[in-house]
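The values are calculated or read from the model by the stated rules, or taken from the named source; none is laboratory data. Not measured: the values here are computed from a predicted model. Here Cβ is always computed from backbone atoms with ideal geometry, including for glycine, and neighbour counts include all displayed protein chains. Surface areas here come from the heavy atoms of the whole protein model, side chains and all, with no ligands, DNA or RNA. Shrake-Rupley method; radii C 1.70, N 1.55, O 1.52, S 1.80 Å.
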Amino acid sequence: MAKRYASLFYGKEAGAPEAGATADQKKAPYRLLLVDDEPNILASLRRVFQRENYELLFAQNGKEALTIMEKQPVELIMTDFMMPGMNGSELLSEVRERWPQTIRIMLTGHANTDAVMGSIRDGAVYRFILKPWNDDDIRLTIALALEQYELIQRTRALEQQTKKQSKDLETISKLTATNRSQLAIMLHKKGWLNAQQIQQLHREMQSKKSPVIRTLLKYDWVEFRKVFELLRDDMMFEDVDLREFQADPSVLSLIPQKICTRQLVLPMRVQGQRLRLAMVDPMDVNLIDELGFMTGYTIHPLLCETSQMQAKLTELFGETSDLDDIATKVGTDDPYEGVEIVLDDDGDQESLEQLLGSSEEPPAIRLVNAIILEALRLGASDIHVHPRTKSLVVRYRIDGVLQDKIQIPTNLLMSVVSRIKVMAEMDITERRRPQDGRITVKTPMRIVDLRISTLPTINGEKVVMRVLERQSSAQSLEDLGLSTHNLKRLMHVVAQPQGIILATGPTGSGKTTTLYALLQHNASSERNYVTIEDPVEFHVDMAGQVPVKDRIGLNFASILRAILRQDPDVILLGEIRDQETADVAFHAAMTGHLVYSTLHTSSASATVARLLDLGLKPYVVASALEAIIAQRLVRRICNHCREEVPAPVEVLEQLGRQFIDAELTFYRGKGCDQCHKGYKGRVAIHEVLTVDEQLRAAITEGASALQIETLARNQGMRVLLDDSLEKLRDGLTTPEEILRLLGPQVLNG
């Protein structure tokens with residue numbers, strides 16, 4: 001990758017010149033035009049790019065920028081939005097109109113709705129970069145943009161060179177794709193292709209206009225040497241050896257190169273009115289008839305081995321790639337590059353191809369990609385696409401709190417939702433029922449999984465996307481923010497050889513992070529670790545990690561039963577959702593395995609009641625349960641703008657007497673460019689319930705949640721409120737944040 005980016009800065013690599021380019025042109029640096037009305041911003045950008053081999057041009061307003069571009073072409077323009085006179089959106093629209101090949105980037109210091117929506121709808125922007133920027137990110141963005149610029153130029157050149165050939169190919173593809181393949185039927189009769197493979201061949205011929213021989217090569221269903229011998233010996237086709245064949249350029253010109261490489265044919269010699277044509281599939285009668293009509297000759301087909309044909313075509317024409325594929329990946333009209341969708345290889349590709357044809361409109365693609373990229377940049381854990389009466393609002397959950405970021409006109413709702421559904425391989429025709437799906441998104445810096453959920457509302461379908469980091473690294477127990485008291489109790493239970501330890505709390509409270517910290521604590525090669533998750537959130541080399549796939553019947557319970565036959569020592573179960581999973585997990589914990597799992601409950605003591613509600617016997621819960629960790633994530637005060645403030649008496653009264661009596665110093669973030677409204681990051685508050693003999697007896701006898709909590713507090717458990725008071729004493733968070741997470745504890749103060 002470094003070598004590829006270096007070619008952007010220091011010119012093309014040897015051996016890869018562009019057609020018609022001189023030596024000076026190949027080595028000329030890229031021109032970047034930077035537009036901003038603030039001189040200090042331009043000075044900062046000069047510093048960012050001072051070590052790169054770019055030619056930098058500067059302008060302080062739109063009019064000046066257009067004057068510069070009239071005098072000399074630039075490959076990339078980056079402009080601020082708010083400027084006197086012509087704003088950034090108007091400037092980029094003008095640039096697109098006059099110099100459409102120039103890559104256009106907007107640099108703006110605020111999420112201005114008009115700027116975002118207007119520029120996206122008009123297709124004026126390649127990418128948005130928000131101030132303050134990260135120097136490395138902006139360098140990489142520019143490098144990728146210029147690489148995209150090069151790909152677009154090459155694609156356009158290829159399109160010009162192959163315009164006639166593509167037209168011929170389209171005609172032939174339509175004709176050949178509408179007929180059944182005689183070769184495929186014969187292979188089916190011989191038993192070399194089954195009915196499902198024949199149906200797949202027909203679907204690909206219809207949907208992708210793909211020649212049958214190309215599809216057979218793609219899936220490798222048959223051995224082509226045997227097919228060659230069958231056609232030669234049983235069908236009596238005359239064969240030809242291409243290894244010594246010397247091509248005649250005048251004969252080669254009879255059939256376009258594009259058709260030769262796609263259909264695996266090669267014109268060899270003209271004898272009178274007959275054209276001897278080497279073919280891998282001489283049974284393709286429709287192709288023979290069409291080529292005869294195109295060339296004006298009677299076609300004499302000759303059978304050729306597939307490997308010889310591919311080698312000869314490569315020798316004559318070089319390595320070729322499908323122009324349609326290049327156009328799809330690169331795009332020729334202002335693509336919004338940066339998000340690559342990784343499709344599940346096991347999925348049915350036919351429905352996806354059909355849906356892409358009707359839903360991939362450029363504004364929707366750019367808009368959805370912008371929504372996802374902005375969420376990754378802001379570190380959001382959830383993306384809400386929320387239809388309201390007058391607009392479509394994009395909301396991000398940042399540090400546990402939802403924030404409205406972008407407003408979109410309601411007329412784009414259908415296309416945005418359809419685009420997301422296509423990416424997640426969901427049914428875009430079903431708008432009356434909730435649906436679930438997932439997308440794996442690959443950006444230049446990160447890979448994340450998005451869990452998609454749609455819900456029909458009176459204003460249209462609402463979409464929520466949960467962001468799960470694919471490359472997250474598990475933390476240690478010491479990094480979880482546990483108090484000394486809770487860490488000591490947790491160290492005690494994690495040393496147990498068997499039993500079940502549960503992490504509880506609402507969605508997004510850090511339960512899985514806690515479980516992985518427990519899993520990795522004192523981990524050794526002497527034990528067998530296995531995890532079951534939906535999806536896998538952390539990647540750990542020492543563990544065998546199994547993703548849940550409900551659509552093929554691979555659920556938590558069935559995987560857990562299979563894992564028990566794999567001789568595991570430690571099992572991490574992503575979530576206990578139902579009685580079947582709970583029953584298998586607890587019996588695994590009773591038979592010598594250490595099990596970690598999660599449950600959605602409000603407190604440690606309420607977890608016992610929830611387990612009994614799932615149908616587990618009290619003695620099973622009492623025997624297997626070792627500890628329960630209840631937790632929440634509160635926002636951490638930003639260290640850059642933290643300031644001391646007076647005690648918020650009204651809030652403290654709602655939290656309880658212990659918060660008023662405690663001699664505390666209170667802090668709050670006033671807000672800066674490093675944080676979100678005075679907060680940056682989150683810290684966990686915990687309560688750790690360890691099960692002793694007295695608690696086991698109480699659970700067996702069916703004690704209530706209140707009785708269990710009383711017993712646990714008597715043996716040393718500190719509840720969430722106690723731990724939050726300690727976090728407040730350390731100056732890590734605010735009383736308002738604790739009140740938001742735990743709610744009022746005292747009525748009317």
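Averaging 1/r over every pair of different alpha carbons in region 571-687 and inverting the result gives a Kirkwood radius of 17.6 Å.
Between R51 and K131, what FRET efficiency comes out of the Förster formula 1/(1 + (r/R0)^6) with R0 = 30 Å and r the beta carbon distance, rounded to 0.05?
On the way: r = 21 Å, r/R0 = 0.71.
Computed FRET efficiency for K131 and R51: 0.90.
A simple packing score, the average count of other Cβ atoms within 10 Å per residue, orders the peptides 543-551, 365-373 as 365-373, 543-551, with the highest score first. With all protein chains in place and ligands, DNA and RNA left out, the 1.4 Å accessible area ranks Y30, Y396 as Y30, Y396, largest first. Label separation (T67 vs E38): 2.4 nm, computed from points 7 Å beyond Cα along the C-beta direction. Figure note: T607, T295 ranked by solvent-accessible area, largest first, 1.4 Å probe, ligands and nucleic acids not counted: T295, T607.
Solvent-accessible area per residue in region 490-564 equals 42 Å², computed with a 1.4 angstrom probe and all protein chains kept.
Could you please put S704, S605 in sequence from largest to smallest accessible area, using a 1.4 Å probe?
Numbers: S704 55, S605 5 Å².
From most exposed to least exposed: S704, S605.
Computed extension length for E430-D569: 45.6 nm, one decimal, from 0.36 nm per residue of separation with the Cα-Cα distance subtracted.
For Q545, nonlocal amide neighbours, meaning residues 5 or more places apart or on other chains whose placed amide H falls under 5 Å from its own, are T531.
Full extension of the chain segment joining S253 with F317 gains 21.8 nm, where the gain is 0.36 nm per residue of separation less the Cα-Cα distance. Spin-label model, S476/D241: points 7 Å from Cα along the beta carbon direction are separated by 6.9 nm. By definition, a body whose alpha carbon gyration tensor gives a ≥ b ≥ c is prolate when a/c is 1.5 or more and a/b is larger than b/c, and region 608-749 fits this prolate description.
Hey, how many Å between the Cα centroid of region 684-743 and the Cα centroid of region 49-100? Their Cα centres are 59 Å away from one another. Rolling a 1.4 Å probe over the protein chains gives K218 an accessible area of about 110 Å².
Given the C-alpha atoms of region 45-108, compute the convex hull and give its volume per residue in Å³.
On the way: hull volume 5.3 nm³, N = 64.
In region 45-108, the Cα convex hull volume per residue is 83 Å³.
E159 contributes about 60 Å² of solvent-accessible surface, heavy atoms of the protein only, 1.4 Å probe.
Kindly give the semi-axes, whole Å and largest first, of the ellipsoid equivalent to region 379-503, taking each as the square root of 5 times a Cα gyration tensor eigenvalue. All intermediate terms of the calculation are to be shown ahead of the outcome.
Working: eigenvalues 283, 54, 44 Å².
Semi-axes from the Cα gyration tensor: 38, 16, 15 Å.
Note on T314: accessible area approximately 60 square angstrom, rounded to 10, probe 1.4 Å, nucleic acids and ligands left out.
If you restrict to DSSP beta bridges whose two residues both lie in region 523-605, what percentage is antiparallel, to the nearest 5?
Details: 1 of 14 bridges.
Just about 5 percent of them are antiparallel.
Karplus-derived 3J(HN,Hα) values for region 581-586, using 6.51 cos²θ - 1.76 cosθ + 1.60 with θ = phi - 60°, are 5, 4, 5, 5, 5, 6 Hz; glycine and proline are entered as x.
Taking amide H as placed 1.01 Å from N in the peptide plane, L275 has its amide H under 5 Å from the amide H of T298, I299, H300, each at least 5 places away in sequence or on another chain.
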